[in-house]
Amino acid sequence: MNIIGISAFYHESTCCLLQDGVLVAAVPEERFTRVKFDRRAPINAFRYCLEQGGQLSPADIDCVAYYESPTKKLARQLSMGLDASVDPSFAWLDAGHAERQIRRVLGYDGPIAGFDHHLSHAASAYYFSGFDEAAVLTVDGVGEWATTTYGAGKGSSLSMLEEVTFPHSLGLLYSAITDFLGFAVLSDEYKVMGLAPYGTPRFADRVRQLVTVLPRGQFSLSQKHFDFSQQGRMFTPALAALFGVAPRVPESEIGTVHIDIARSLQVVLEEILLDKVRYLHDIAPSDNLCLAGGVALNCVANRRLHVDGPFRNLFVQPASSDSGSALGAAALAHVQLTGQRHSAERLAHVYLGPSYPASDIVSLVAATGIPALDFSGREDALVAAVVDRLAAQKVIGWFHGPMEFGPRALGARSILADPRDPTMRDRLNALVKKREGFRPFAPAILEECVADHMDIAYPSRFMNETCAVRSPLDLPAVTHVDGSARVQTVDRQTSPRFHMLLEAFREKTGCPILVNTSFNVRGEPIVCTPQDAIRCMANSQIDCLVLEDMIIDKEHIPAFLRSQAKRSAPDAIARDDATVDPRLSGSVERWRPADGALPLGVYTFV
């Protein structure tokens, strides 16, 4: 059975393939188009999933599972009183847009099952957690109407117990203050999280005025301070009056007041989440908690819930934002079609994207004429050569195996460095990542060594939680200002070459840890192809590029390639159907509501 899960047409379009209950592929469209957060029809991601399934055609797909209800979403958008200036073409008024794109652009004529947005979020966590029962919390900006849901899973069943509805939203609260602080909404919320430890929570009482905690799972957002129907701004002048400071101009200096607002926001978010998690435990008693939704990418809050909350075990969907909802929709469709969950096993890894044969990369590098070292068939020698460069404080672009799914680089498309170098964090931020200097970097550590260096007693393979650094080593490049780190534990079975590299680095230096950050520069998605990696290296101060079995040192990159790499990526084409593969063309069908036979929160295209 082949089920395609799709999250698309709003933010970071994504496809996944669930084949006979096995997740064999998952990738966002942005990795192919190089347009960050590409929302268009995921034609390249769809094609990749078909290829990974064994050269499938659209006719081989048993069901496409879509992650939300366009009709319910449109009803909410209309209720907001959006002005026609939002989109002069009125495209947002078209509830049938998603279905037509799936049929016409992807060429699919079979059944489409749709599931409410937060149900897809919840399923993306519960059905991939490995728990046979769990409480489930989803928190994001807004789906159709829900912004927070409380649920419970047992076996193959997943029930939603309570929800908070728009405009009352913790995700929108965080995004609106992200906007106030001069950062990009639906993109830079993690910057606010990273900025917070530098400050003091002197504005916490004022942030508490913005959200009222109510009984049960409810809370309400102050409508005086926010206006989500505006374009380009989520808050009103009352927010500036409350904080006593004007909104920060993007790219301007970050002052103490901005840092303290960020800290205050983070403190209040954690307070509310902890209160609501305790409520969830009351109505859905369990040792296990599953988290999803964009707010679940807040790894600082996740750690607080795990340590101070009532649940013993925590699973956070690695791609907690809308991208991961494609997985949830596919899992729900599997239950709908078979009556059983697709798997009782925990998601072991997210190496679900494209990979490139080492032999093809040898040919590619030869064709470019770039001098390179070929270590084909000599993995030990390759790793030793990389370790020598790391120990010499070189910055390494590391490209190996299938690309990771989700926002974190986990040793497939990573930039690596020595965490002991006191200059490395500033160097990476300024010259390699080309981003704000306050941003922290994550450590990747041998899983068997984690207890000796980090205050965390269990594997953390997806960088979903922070913890205190307690290493006997000085690790300035990965230790945040508050003494914390967002750790990735690396095990031999799921990441054999990355584990080998860390082990060899430990043997040479006594340190089983490396800086691990995503292989991209500011404003671009994580690299996907070998060509992307070469271009990214040429456009940054990466010292050495490891492409599978090849090593390219910076001094060998030709000047003309450096010049070409400095050019910006091509602009996105606005139309969703800009690229239509003639091999994936199909008829357009109308859809009608389900006959009521499906579970609550489910609709179908037929």
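At-a-glance table
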quantity: Pairs, first at positive phi in region 544-558, second part of a helix (DSSP H, G or I) and buried (at least 20 other Cβ atoms within 10 Å of the Cβ), C-beta under 7 Å, six or more apart; calculated: Glu548/Ile361
quantity: Top-ranked residue of region 224-241 - restricted to ones that are surrounded by 19 or more Cβ atoms within 10 Å (Cβ to Cβ) and among the hydrophobic types (A, V, I, L, M, F, W, C), ranked as farthest from Arg206 (Cα to Cα); calculated: Phe228
quantity: Among the candidates Leu364, Leu390, Leu352, residue that is more than 13 Å from Arg497 (Cβ to Cβ), touching a Pro at 6+ places or on another chain (Cβ under 7 Å) and assigned by TED's automatic domain parsing to the domain that holds Leu475; calculated: Leu364
quantity: Region 294-308 residues that are in contact (Cβ under 8 Å) with a residue 60 or more places away in the chain, paired with ones that are among the acidic types (Asp, Glu) and not in a helix (DSSP H, G or I) (beta carbon under 7 Å, 6 or more apart); calculated: Gly294/Asp140; Val295/Asp140; Cys299/Glu465; Asn302/Glu465; Arg303/Glu465; His306/Glu465
quantity: Filtered residues of region 457-468 (kept if surrounded by fewer than 22 Cβ atoms within 10 Å (Cβ to Cβ), among the aliphatic types (A, V, I, L, M) and touching a residue at least 12 places away in the same chain (Cβ under 8 Å)); calculated: Ala468
quantity: Count of residues meeting criterion [within 17 Å of Leu347 (Cα to Cα), surrounded by 20 or more Cβ atoms within 10 Å (Cβ to Cβ) and among the aliphatic types (A, V, I, L, M)] in region 1-36; calculated: 6
quantity: Close pairs (6 angstrom Cβ cut-off, 6 or more residues apart or separate chains): among the hydroxyl-bearing types (Ser, Thr, Tyr) in region 184-202, in a loop (DSSP other than H, G, I, E, B) anywhere; calculated: Tyr198/Val481
quantity: For Glu68: the one exception among (1) more than 30 Å from Ala152 (Cα to Cα); (2) of a type outside the set (Val, Ile, Thr); (3) modelled with pLDDT of 95 or more; calculated: (1)
quantity: In region 475-496, the residues that are in a loop (DSSP other than H, G, I, E, B), more than 23 Å from Ala391 (Cβ to Cβ) and touching a strand residue (DSSP E or B) at 6+ places or on another chain (Cβ under 9 Å); calculated: His480, Asp482, Gly483, Asp491, Thr494
quantity: Near pairs, Cβ below 9 angstrom, 6+ apart or cross-chain, from region 1-15 (within 14 Å of Thr33 (Cβ to Cβ)) to any residue that is polar (S, T, N, Q) and in a strand (DSSP E or B); calculated: Ala8/Thr14; Ser13/Ser7; Thr14/Ser7; Cys15/Ser7
quantity: Qualifying residue in region 391-413 (condition: in contact with a Gly (Cβ under 9 Å, 6 or more places away or on another chain), of a type in the set (Phe, Trp, Tyr) and assigned to a loop (DSSP other than H, G, I, E, B)); calculated: yes
quantity: Those helices (runs of 4 or more DSSP H) lying entirely in region 1-79 with at least 2 residues within 21 Å of the chain's Cα centre (by Cα); calculated: 30-33, 43-52
quantity: Residue in region 256-271 that is assigned to a loop (DSSP other than H, G, I, E, B) and among the small types (Gly, Ala, Ser) present; calculated: no
quantity: Any pair with Cβ under 6 angstrom, 6 or more apart, that starts in region 527-539 at a residue that is of a type in the set (D, E, K, R) and ends at one that is assigned to a helix (DSSP H, G or I) and at pLDDT below 95; calculated: Arg535/Ala565
quantity: Of residues in region 321-364 being among the β-branched types (Val, Ile, Thr) and more than 20 Å from Pro459 (Cβ to Cβ), the one surrounded by the most Cβ atoms within 10 Å (Cβ to Cβ); calculated: Ile361
quantity: Test result for Arg39, outside the structural domain of Pro407 (by TED's automatic domain parsing), surrounded by fewer than 21 Cβ atoms within 10 Å (Cβ to Cβ), in contact with a helix residue (DSSP H, G or I) (Cβ under 8 Å, 6 or more places away or on another chain) and farther than 24 Å from Ser129 by Cα; calculated: no
quantity: Cross-chain or 6+ apart pairs with Cβ under 6 Å, region 228-242 first and more than 19 Å from Thr147 (Cβ to Cβ), then basic (Lys, Arg) and surrounded by 15 or more Cβ atoms within 10 Å (Cβ to Cβ); calculated: Leu242/Arg206
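The values are calculated or read from the model by the stated rules, or taken from the named source; none is laboratory data. These numbers come from a predicted model, not from an experiment. Every residue, glycine as well, gets a Cβ built from its backbone with ideal geometry; the counts of neighbours run over all protein chains shown.
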